[in-house]
Amino acid sequence: MHNNTLLETKDLRVEVGGTPILRGVDLSFSRGKVYAVLGPNASGKSTLAKAIMGIPEYEVKGGDIMLEGRSVLGKSITERAKMGIAYAFQTPPAIPGVRLDDFICRICPDYSCNEASDILMGEKCGCKQALYDDFSRLGIENLAERDLNDGFSGGESKRSELFQVLSMRPKIMFLDEPDSGLDYDSLKVVGRELRAIKEKGVTTMVIISHHRYVLEFLEVDTVYILQSGRLAYTGTMSAIPELEEMGYEKFLARTGTESKGGGQS
Amino acid sequence: MTRLTEAKKRARSARKRPPKYGEDIDLEIFDVPGPGVADLKLEDLSERDREVVSQVGFSPEEQGVAGSYAQFDNESILADVMIRPEGLEVLPTREALSRYDWLHDYLWNAVAVDTDKFTAASELEEYNGYYIRAKAGAKIDMPVQSCLVVKRGHSMQNVHNIIIAEEGSELHVITGCATPGVMERSLHLGISEFYVKRNAKLTFTMVHKWNEQMDVRPRSAIVVEEGGTYISSYAILSTARTVQTYPKVTLSGRRAHADLYSVVYGRSDSKYDIGGALMLAAPGANGKVVSRTIASDRSDIMARGNLVGSVSGVKGRLECNGLILSEKARIAALPMLEALADGVELSHEATVGKVGADQLNYLMSRGMTEEEATSLIISGFIRLKTPGLPAMLQRSIDDAVKMTLEKGL
């Protein structure tokens with residue numbers, strides 16, 4: 001094990017509703033590094049992230065998930081979240097009647113007002129101004145008073161998810177297609193945000209994506225490609241242009257075997 | 001035959017008529033105390049009574065209200081117009097009927113006296129209640145508050161209310177109904193007739209806080225004329241033995257509008273049969289019936305809704321959403337849409353289920369425990385905003401909900 005390893009999966013086998021999805025996956029994620037998990041549809045990318053987060057329908061049937069050298073398999077979602085694992089949902093469920101700003105204040109105490117000193121214009125202050133400033137930076141200030149995920153557009157969901165996950169200050173975060181449904185401007189905003197996190201170097205980022213833009217902008221350190229529930233390729237960003245040209249099938253047919261199980265570059 | 005004896009005659013004929021919905025109740029078991037005219041002074045209220053009325057949104061200090069009406073059982077009555085805003089009247093119904101002969105035209109007009117045994121009993125026994133009227137063009141910004149309290153066991157509280165918003169007026173009424181402590185089985189019978197005239201706006205906010213000894217049978221009907229708006233927001237968050245209510249709104253004039261919002265939090269063995277009907281009877285008439293119900297313990301909730309579009313160019317929407325918190329609780333949603341003409345646009349959405357696993361997982365992934373996530377989902381679910389309701393009245397509902405959740409979860 002690498003000294004700097006934050007999280008690793010060992011021969012991880014996961015089923016959903018009795019169907020095997022991950023069939024023995026060994027991956028390793030180091031502190032402060034940026035990873036891309038790629039792969040054709042139904043290769044198990046989201047399943048990997050959800051199983052690591054601990055979502056019960058993603059049933060671990062074999063192998064292990066270790067955070068800082070200790071298994072998290074017996075831990076609830078809540079415990080894993082508190083240990084520093086975060087997952088940005090691809091399609092987060094609506095929570096009617098719960099405002100986005102109130103919710104973020106609740107999950108991130110840094111934004112919530114403390115006692116009496118935070119009385120604002122005679123009204124009890126709910127959230128600090130910093131929250132709204134940060135919302136503006138991500139261009140989601142219009143969502144502040146909306147119900148959580150209720151009627152958010154694809155792009156709004158992505159940014160709101162990213163915001164929430166960032167405000168939890170996790171050790172490792174899994175971003176499930178953070179770039180889908182974004183227009184060019186939003187893509188730049190999200191890219192810049194992620195790059196700032198990378199530069200701080202304290203959070204490990206795992207990006208599940210099909211698109212090149214954010215990955216290149218971020219200068220991903222390691223690329224993993226899953227295929228049919230197994231790790232089929234480990235490499236660097238240099239593989240991406242070729243992959244894009246050839247498609248997964250041809251690319252993996254040619255390069256898959258030589259790098260398979262190659263661990264981290 | 002005078003109108004009065006005619007009403008009595010019709011009532012007698014319906015004396016044994018069982019109700020269309022809800023459990024039938026033997027009325028013989030209740031005494032009907034009163035009627036009294038004991039004058040009530042708010043400053044004489046006991047601490048306990050103050051607390052009781054405060055919990056259903058009634059300010060004993062009469063702060064921020066245009067007028068007040070309070071009734072304890074059938075006896076102690078207060079009717080008060082606070083700051084005497086131009087064009088507002090608040091009187092006990094009996095006094096108003098003896099003062100205004102024309103008011104008899106409004107009595108048993110929206111609600112038929114022979115609807116069932118409850119309307120019949122109300123007519124045949126002595127009653128009182130409140131009469132609230134905004135005169136033509138009067139905009140009464142501050143709400144008129146009322147509370148109806150049942151303190152005596154084994155008794156029937158018999159209330160007949162008449163609320164009139166005259167042409168072009170605006171009137172906001174908040175009514176709290178409550179029972180302090182445990183007592184023997186009692187019945188609250190409330191007839192309410194609302195008249196919203198041309199281009200008038202009437203909002204009616206009601207918070208109920210009963211206990212498991214109470215049977216509650218409101219009989220309400222509303223008539224909305226051309227361009228008029230009626231908005232009601234109803235919250236029942238306490239136990240009750242049984243509650244059955246089914247206000248019927250007739251949108252009789254062009255572009256008449258009505259929204260009925262209700263929130264029900266079912267507890268213990270209580271049975272709630274809550275509904276509402278909109279009769280969309282003039283072109284451009286439109287409205288919504290929206291309910292959010294939560295069933296905990298062994299409670300049983302029936303959520304009804306009925307939209308009837310009888311002319312072309314009307315639009316109605318029905319939403320019943322139910323959340324079941326216990327294996328032994330039950331919610332049934334019964335939406336009904338009737339289109340009797342071409343060009344009627346009616347729609348409904350009904351959902352009944354438990355707290356969603358996807359919602360729980362999502363919130364837990366943000367570091368909340370399962371209990372915290374559940375209570376957040378419930379409090380969000382039950383937070384029902386009523387568009388068009390003044391902020392102060394929305395706050396009364398929100399506060400009542402908040403109090404319930406803090407106690408209950």
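The values are calculated or read from the model by the stated rules, or taken from the named source; none is laboratory data. As the structure is a computational prediction, the values presented were derived from the model and not from experiment. Heads up, the Cβs are rebuilt from the backbone with ideal geometry, glycines too, and the neighbour counts pull from every protein chain shown. Areas reflect the complete protein model, heavy atoms only, side chains present, ligands, DNA and RNA absent. Shrake-Rupley method; radii C 1.70, N 1.55, O 1.52, S 1.80 Å.
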**Complete:** Using alpha-carbon coordinates alone, the radius of gyration and Dmax of segment B:337-396 in Å work out to 17.8, 53
**Whole-percent pair-distance distribution, where bins are 10 Å wide, for the alpha carbons of segment B:56-149** = 15, 41, 34, 10
**Message:** Please give me, ordered by residue number, the trypsin sites (Lys or Arg not before Pro) of segment B:1-109 that lie in loop per DSSP and have at most 14 other Cβ atoms within 10 Å.
**Reply:** B:ARG15, B:LYS16, B:LYS20, B:LYS41
**Fill in**
B:TYR21 and A:SER180 label points (each 7 Å along its Cα→Cβ direction) are spaced in nm at 4.3 nm
**Fill in**
If one builds a Gaussian network model of chain A from Cα atoms under 10 Å apart, the most fluctuating residue listed among A:GLY39, A:GLY235, A:GLY69 is A:GLY69
**Message:** Suppose we take every Cα in segment B:366-409 and form the convex hull; what volume per residue is that in Å³?
**Reply:** 75 Å³
**Message:** I want to verify a result. In a Gaussian network model of chain B, Cα cutoff 10 Å, which of these has the top mean-square fluctuation: B:SER155, B:SER122, B:SER347?
**Reply:** B:SER347
**Asked** In segment B:103-175, how does Rg compare with the Kirkwood Rh, expressed as the Rg/Rh ratio over alpha carbon atoms?
**Response** 1.03
**Net charge contributed by nearby residues that have their C-beta within less than 11 Å of A:THR204 (K/R +1, D/E -1)** = +3
**Complete:** For A:LYS250, counting only lysines whose alpha-carbon sits under 30 Å away and dropping same-chain residues fewer than eight positions off, the answer is A:LYS10, A:LYS33, A:LYS45, A:LYS50, A:LYS260
**Message:** Just to confirm the filter: which trypsin sites (Lys or Arg not before Pro) across segment B:261-298 are DSSP coil and have at most 16 other Cβ within 10 angstrom of their Cβ?
**Reply:** B:ARG298
**Request:** Could you state how much accessible area is buried at the A-B interface, both sides summed, with a 1.4 Å probe, in Å² to the nearest 100?
**Result:** 1800 Å²
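Could you list, in their original order, any pairs among B:LYS151/B:LYS271; B:LYS20/B:LYS315; B:LYS9/B:LYS151; A:LYS61/B:LYS354; B:LYS8/B:LYS117; B:LYS248/B:LYS407 whose Cα atoms are separated by more than 23 Å? All intermediate terms of the calculation are to be shown ahead of the outcome.
Working: B:LYS151/B:LYS271 21 Å; B:LYS20/B:LYS315 26 Å; B:LYS9/B:LYS151 31 Å; A:LYS61/B:LYS354 28 Å; B:LYS8/B:LYS117 13 Å; B:LYS248/B:LYS407 33 Å.
As for pairs spanning more than 23 Å Cα to Cα, those are B:LYS20/B:LYS315; B:LYS9/B:LYS151; A:LYS61/B:LYS354; B:LYS248/B:LYS407.
Going by the alpha-carbon gyration tensor, a ≥ b ≥ c the square roots of its eigenvalues, is segment B:1-91 rounded (a/c under 1.5) or, if a/c is not under 1.5, prolate (a/b greater than b/c) versus oblate?
Values: a/c = 2.36, a/b = 1.66, b/c = 1.42.
It is prolate, given that a/c is not under 1.5 and a/b is the larger ratio.
Taking the Cβ of B:SER220 as the centre, find all other residues whose Cβ is under 11 Å away and add up their charges (Lys, Arg: +1; Asp, Glu: -1). Before the final figure, lay out each step's value.
Numbers: positive: B:ARG217, B:ARG219, B:LYS248; negative: B:GLU193.
That works out to +2.
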**Message:** Counting other C-beta atoms within 10 Å, and keeping those with at most 12, which DSSP coil GluC sites (Glu not before Pro) do you find in segment B:273-343?
**Reply:** B:GLU327
**Message:** Which lysines, if any, have their Cα less than 19 Å from the Cα of B:LYS135, not counting same-chain residues under 8 positions apart?
**Reply:** B:LYS197, B:LYS201
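Count, for each residue of A:52-58, the Cβ atoms from other chains sitting within 10 Å of its Cβ, then give me the mean as a whole number.
Working: counts 0, 3, 3, 6, 3, 3, 1.
That average works out to 3.
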**Request:** Any chance you could list P(r) for chain A, counting all Cα-Cα pairs in 5 angstrom bins from zero, rounded to whole %?
**Result:** 1, 6, 12, 16, 18, 16, 13, 8, 4, 2, 1, 1, 0, 0
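What does the average come to when, for each residue of peptide B:354-363, you count the partner chain Cβ atoms lying within 10 Å of its Cβ? Before the final figure, lay out the partial values.
Working: counts 0, 0, 3, 4, 7, 8, 3, 11, 12, 10.
Mean number of neighbouring Cβ atoms from other chains: 6.
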**Fluctuation leader among B:THR250, B:THR242, B:THR369 - chain B, Gaussian network, Cα springs under 10 angstrom** = B:THR369
**At q = 0.06 Å⁻¹, base-10 log of I(q)/I(0) for chain B (Debye sum, equal scatterers on each alpha carbon)** = -0.22
**Fill in**
Excluding near-sequence neighbours (fewer than 8 apart on one chain), segment A:97-238 holds lysine pairs with C-alpha atoms under 30 Å apart numbering 14
**Message:** Starting from a Cα-only point model with no solvent, please compute log10 I(q)/I(0) by Debye for segment B:234-351 at q = 0.14 1/Å.
**Reply:** -0.55
**Fill in**
Taking GluC sites (Glu not before Pro) as exposed when in a DSSP loop with at most 11 other Cβ atoms inside 10 Å, chain A has its longest clean stretch at A:1-114
**Complete:** Per the helix-only model, the protein assembly as shown has a calculated mean residue ellipticity at 222 nm (DSSP H runs of ≥4, -39500 (n - 2.57) each, divided over all residues, rounded to the nearest 500) of -7500 deg cm²/dmol
**Message:** Bins of 10 Å, beginning at zero and ending with the bin holding the largest distance: percent of Cα pairs per bin for segment B:22-71, please.
**Reply:** 19, 37, 27, 17, 0
**Item:** Per-q log10 I(q)/I(0), the protein assembly as shown, q = 0.07, 0.11 Å⁻¹ (Debye; single scatterer per alpha-carbon; no solvent)
**Value:** -0.58, -1.05
**Request:** Using only the alpha carbons, work out the radius of gyration and Dmax of segment A:153-243 in angstrom.
**Result:** 13.2, 36
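Would you tally the net charge around A:ILE240, using a Cβ to Cβ cut-off of less than 9 Å, leaving A:ILE240 out, and scoring K and R as +1, D and E as -1? The partial results should precede the final answer.
Numbers: positive: A:ARG212; negative: A:GLU216, A:GLU242, A:GLU244.
It works out to a net charge of -2.
What Kirkwood hydrodynamic radius do you get for segment B:140-204 when you take the inverse of the mean 1/r over all pairs of distinct Cα atoms, in Å?
On the way: mean 1/r = 0.0745 Å⁻¹.
Over segment B:140-204, the inverse of the mean reciprocal pair distance is 13.4 Å.
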**Qualifying aspartates and glutamates (Cα of each under 19 Å from Cα of B:LYS288; at least 8 residues distant if same chain)** = B:GLU225, B:GLU226, B:ASP259, B:ASP273, B:GLU319, B:GLU338, B:GLU345, B:GLU349
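Where does segment A:23-79 land on Rg(C-alpha)/(2.2 N^0.38 Å)? Walk me through the numbers before you get to the answer.
Working: Rg = 11.9 Å, N = 57, 2.2 N^0.38 = 10.2 Å.
Here the answer is 1.16, to two decimals.
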